[in-house]
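Below is one structure; the comments refer to it alone.
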Amino acid sequence: MRQYFTFMLLALFLASVSSLDAQKKSYFSPDDIDVPYKKFVLNNGLTLIVHEDHKAPIAAVNVWYHVGSKNEKPGKSGFAHLFEHLMFNGSENYNDDYFQVIERIGGTDVNGTTNNDRTNYFQNVPVGALDQVLFLESDRMGHLLGAIDQEVLDEQRGVVQNEKRQGENQPYGKQWDLITKAMFPPGHPYSWTVIGEMDDLNAASLEDVQEWFKTYYGPANAVVVIAGDVDTEDIYKRVVKYFGDIPSGPALARPEVNIPVRTSDTRQSYQDRVPEARINIVWNVPQWGSKDLEMLNLATNVLSSGKNSRFYKRLVYDDQIASNANAFTWEKELASNFIIQANVKPGKTVEEVEAALLEELAKFLKEGPTEAELHRVKEQYFSGVIKGLERIGGFGGKSDLLAQFEVYGSSPEYSKEVLQWIADATPKEVQMAAQKWLGTGKHTLICTPFPEYSTVDSDVDRSKGLPQMEESASVKFPDLERATLKNGMEVILARRPGIPTMVMRMMFDAGYASDQFAKPGTASLAMNMMDEGTKSKTALEINEELQMLGASLSAGSDLDASSVTLNTLKPTLEPSLDLMADVILNPSFPAEDFDRLKNQTMVQIQREKSQPIAMALRVMPKFLYGDGHAYSQPMTGSGYEQTVQSMTREDMMKFHDTWIRPNNAKLMIVGDIEMSELLPMLEKRFSGWGKGKIPKKNIAEVKDSNKGKLYLMDRPESEQSVIIGGYLVDPYGKLDEIGRETAMNVLGGEFTSRINMNLREDKHWAYGASAFVMQGKGERPLLAYAPVQTDKTKESVQEIMKEFEMFVGDKPITEAEFEKTTGNAILQMPGQWETNNAVMGSLTNQIKYGLEDNYYQTYGNKIKNLKLNDVQTLSEKLVRPGDMAYFVVGDKEKILPGLKELGLEIIFVDADGNPIPQSKAKP
């Protein structure tokens, strides 16, 4: 439940097109986008929208209330968001945690969010659980107040305050508060942040809760969207049954559009613990759904989306004075903001970056976008929307978009008008909108390092509790087809008829672990360089062609593997595959791009060394694995400043020549294609690729030497302490992985897990806490993680210790916990493989770790066949509290006295894991 900015048209677009034919050809248009729906308005004013999508036996239930932080009163900021939290604590006829029951019935993507203008609650559930969800949603709409007392209010107030602390503890975390207060005058509905002020949160009372609920949470102020494997008329009857007896709520006065006029430019500077200076240049611009705002959205993408964009090409690629440069809109119902944001590259000045940004903007205002630029961003926008139609729920899914246009635009039909504006937009229209709004009145923020309603009779007997859950339809992971190319490369196909999206991933047995044979950080940097140019194409040309094809190509590494992934559509598969093959076979590692990315990696490392979580993840492997092990490098994969600084192009080419070989590769494909159609395409592009000799990585068993140690990294003035406890367990596949996952879910893997309920819900010391086992072909870390308020650091370590000890001591997994966790896993399966990318994620895991071909086909049966005794026995081997080493990042001056009371050996280390003698440690 976090503050959520809706950047409707902000996408990470790529570069423009050079071919005249490509400029003229449009692959996509508004006609390709259709989300059929039916809309009802109940007698009590509730709006219901139903969309049928029968590709998976799940349904998304999305409830939007037209109330956000703009409806708060001065002195009561943060209340809309606080109330959102209260909605998850139970209602009068189901007074229990909402997350727990949704987990129990197999729900996924369950959350609630608040922004300036609306509050929403959403979940995906098996269709058999619809009655239960409708009961729960209607009960908290119509029957909430009796379940909220002072204890519940105080509990959630503490959770929200920790959420605020966690957000402000991040680098640049204070910028949104400063921008908000600078752009909107006192008294304007947007002049305070969604998260609110601490004093206002402390002042919230039960009377405030009752007033807020009675005013804003009636059916006439709500929209319910249900999308999925449903029948429209049946859904209408069910919604009338559960919601029809709830009184409509009062008539509401809505704030009018109010775009503050700023007649002069202003500036503000502040310091934060950040690795780079950041520039934000902000204007007030029109509200959500206005044509001028859509033209400005197109302008942001021409300016900053992709390597051919004006800001990127000038500041990042050519002048190399910024590590990133972006433009985007922060869309809101009464007024929006146009924001230009850039991080200043170390060694460069704020003044030269700001001057370059304003110079490029001035050129844009004078000349407008070219036809080719505008065509490019339109194509990528429409292809992105089409790809998004795979998902029924979650952020940006079909139910979310239907609700958004109904609440803000009075009808989903309004989306068609917006899409047509985008399709018909001319360079002149975009230029005129930019000239109109991006003039005088900007604020520069510099951050430097330091009708008559009635009800119907209801036959719902709420005293009987939740309705019985209907049996869910079974779900099936695609069958795998295997083939081998003439050069020996394995091909694995998971065929999925339906929406014509295609995902291809070529995976190599390399990853960060291969840095054992090179300089730490090599695998990450080399894979990042793969699409920076080939022997026949520059990076800009590659991105140009991908943009026009509606495709995306990415390359990267994780601990054990490196991969190149292509996302495209069936009609553009062959030309997209040409680009993928060229990137894999013929990377040129251009010298200028290598220097640029190397410098960006240096900045990334500096950024990691300023972020509490990344600080711990960088140093942990060094102590868990020791010297000589393939996994002993920073867990982020970025390496060390000195190793990256010493890298050369030859290091990149050596990595490619060594590891990027067909006998070290597996090609996985998910999509609507036959193997007989696919193989000729692959042979044509990869048949001449030669094998190589692949080194063997050292992932041998490690002798533990960290028991009873606490590694402390000092971060002065840190608003929280980050605690990570860990030790090594068996490699992936050596344990019963489903039993392992079940045990860890109970201990720390779910919202309702023991550790999270302890530190978040009971103690209110953390916004969230967890425990999990990472993946790895060798021994892998079991970690407990908690970012906690500074004054509870010692106590939080003690609580983590206690939870681990009880788990294998006098409080093992109970029958109820076992049934809940395994039941959740089975019930969540219908939505687990909704998209091709989701299938690719599981397929990658299956192939990487050598799981049998029917692993996911029989996944549900494996869960059903688990026995509690087996999981308890496994837990005794898995959960070893005495082996735990702790890594703590926080303000040493404030937390060290308490940590000394734990009886652990405290070792002071810097952000690279180098020991610091206590006499030299920061005071």
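Readers should treat all values here as calculations from the given coordinates under stated rules, not as data from a laboratory. These numbers were taken from a predicted model, which means no experiment stands behind them. Here the Cβ positions follow ideal geometry from the backbone for every residue, glycine too, while neighbour counts run over all protein chains shown.
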**Request:** Report, by chain and number, residues whose modeled amide H sits under 5 Å from the one on A510, excluding near sequence neighbours (fewer than 5 apart, same chain).
**Result:** A561, S562
**Message:** Need one number: % antiparallel among DSSP beta bridges in the chain, to the nearest 5.
**Reply:** 75
**Asked** With N residues in region 599-646, what two-decimal value do you get for its Cα radius of gyration over 2.2 N^0.38 Å?
**Response** 1.11
**Request:** Report the equivalent ellipsoid semi-axes for region 480-686 in whole Å, largest first, defined as the square roots of five times the eigenvalues of the gyration tensor built from alpha carbon atoms.
**Result:** 31, 19, 16
**Computed over region 576-681, Kirkwood Rh from alpha-carbon pairs, angstrom** = 16.9
**Message:** Taking the Cα centroid of region 877-920 and of region 560-611, what is the distance between the two, rounded to the nearest whole Å?
**Reply:** 37
**Asked** With θ set to phi - 60° and the Karplus curve 6.51 cos²θ - 1.76 cosθ + 1.60, what are the ³J(HN,Hα) couplings of region 744-759 in order, to the nearest whole Hz, using x for Gly and Pro?
**Response** 5, 4, 5, 6, x, x, 10, 4, 8, 5, 4, 5, 5, 5, 5, 7
**Request:** Compute the distance in nm between two label points, each set 7 Å from the Cα along the Cα-to-Cβ direction, one at A591 and one at R649.
**Result:** 0.6
**Request:** Rounded to whole Hz and in sequence order, give me ³J(HN,Hα) for region 707-713 from the Karplus expression 6.51 cos²θ - 1.76 cosθ + 1.60, θ = phi - 60°, writing x for Gly and Pro.
**Result:** 4, x, 10, 10, 9, 10, 10
**Message:** Counting other beta carbons within 10 Å of each residue's own, what order do V797, V240 fall into, fewest first?
**Reply:** V240, V797
**Item:** Long-range HN-HN contacts of Y711 with modeled amide H, under 5 Å
**Value:** Y886, F887, V888, I907
**Peptides 661-667, 871-877 ordered by average Cβ neighbours within 10 Å, highest first** = 661-667, 871-877
**Item:** Histogram of C-alpha separations across region 262-396, 5 Å bin width, %
**Value:** 2, 9, 16, 19, 20, 16, 10, 5, 2, 0
**Prompt:** Roughly how many debye, to the nearest 20, is the charge dipole of region 480-686 about its Cα centre, given +1 on each Lys and Arg Cβ, -1 on each Asp and Glu Cβ, and no other charges?
**Reply:** 360
**Prompt:** For region 238-305, what is one quarter of the convex hull surface built on the Cα atoms, given in nm²?
**Reply:** 10.9
**Prompt:** Fewest to most neighbouring Cβ within 10 Å: what's the order for V350, V773?
**Reply:** V350, V773
**Prompt:** By count of other Cβ within 10 Å, fewest leading, how are M548, M884, M469 ordered?
**Reply:** M469, M884, M548
**Item:** Binned Cα-Cα distances of region 36-256, short to long, each 5 Å bin given as a whole percent
**Value:** 1, 7, 14, 18, 19, 16, 12, 8, 5, 1
**Sum of side-chain charges, N169 neighbourhood, beta-carbon under 12 Å (Lys, Arg +1; Asp, Glu -1)** = -1
**Request:** Take the alpha carbon atoms of region 497-514, find their center, do the same for region 358-398, and report the distance between the two centers in whole angstrom.
**Result:** 26
**Request:** With label points built 7 Å along Cα→Cβ from the Cα atoms of S687 and K877, find their separation and express it in nm.
**Result:** 4.9
**Request:** Provide, for q = 0.11 Å⁻¹, the log10 of I(q)/I(0) from a solvent-free Debye sum over equal Cα point scatterers in the chain.
**Result:** -1.83
**Asked** Which value at 222 nm does the chain reach when only helices count, each DSSP H run of 4 or more adding -39,500 (n - 2.57), with the total divided by all residues and rounded to the nearest 500 deg cm²/dmol?
**Response** -11500 deg cm²/dmol
**Message:** Full-extension gain between M774 and K862, please, as 0.36 nm times their residue separation minus the C-alpha to C-alpha distance.
**Reply:** 29.6 nm
**Request:** Apply the Karplus parameterisation 6.51 cos²θ - 1.76 cosθ + 1.60, with θ equal to phi minus 60°, to every residue of region 175-183 and state each ³J(HN,Hα) to the nearest whole Hz, in sequence, with x for glycine and proline.
**Result:** 5, 5, 5, 5, 5, 4, 6, 6, 8
**Complete:** Amide H contacts under 5 Å for K345, restricted to residues at least 5 apart in sequence or on another chain and with H modeled in the peptide plane, are A322, S323
**Prompt:** Nearest 20 debye, what's the magnitude of the dipole of the chain about its Cα centre given +1 on Lys and Arg Cβ and -1 on Asp and Glu Cβ?
**Reply:** 2380
**Prompt:** How many angstrom separate the Cα center of region 803-875 from the Cα center of region 118-149?
**Reply:** 27
**Fill in**
For the Y849, D265 Cβ pair and Förster radius 60 Å, calculated FRET efficiency rounded to 0.05 is 0.60
**Item:** Spatial extent of region 709-908: Rg and Dmax, with the Cα atoms as the point set, Å
**Value:** 18.1, 54
**Asked** Normalized C-alpha radius of gyration of region 33-92, against 2.2 N^0.38 Å?
**Response** 1.57
**Fill in**
All alpha-carbon distances of region 750-792, grouped into 10 Å bins from 0, give the whole-percent distribution 30, 42, 21, 7
**Message:** Out of all DSSP beta bridges in region 709-908, what portion is antiparallel? Express it as a percent rounded to 5.
**Reply:** 70
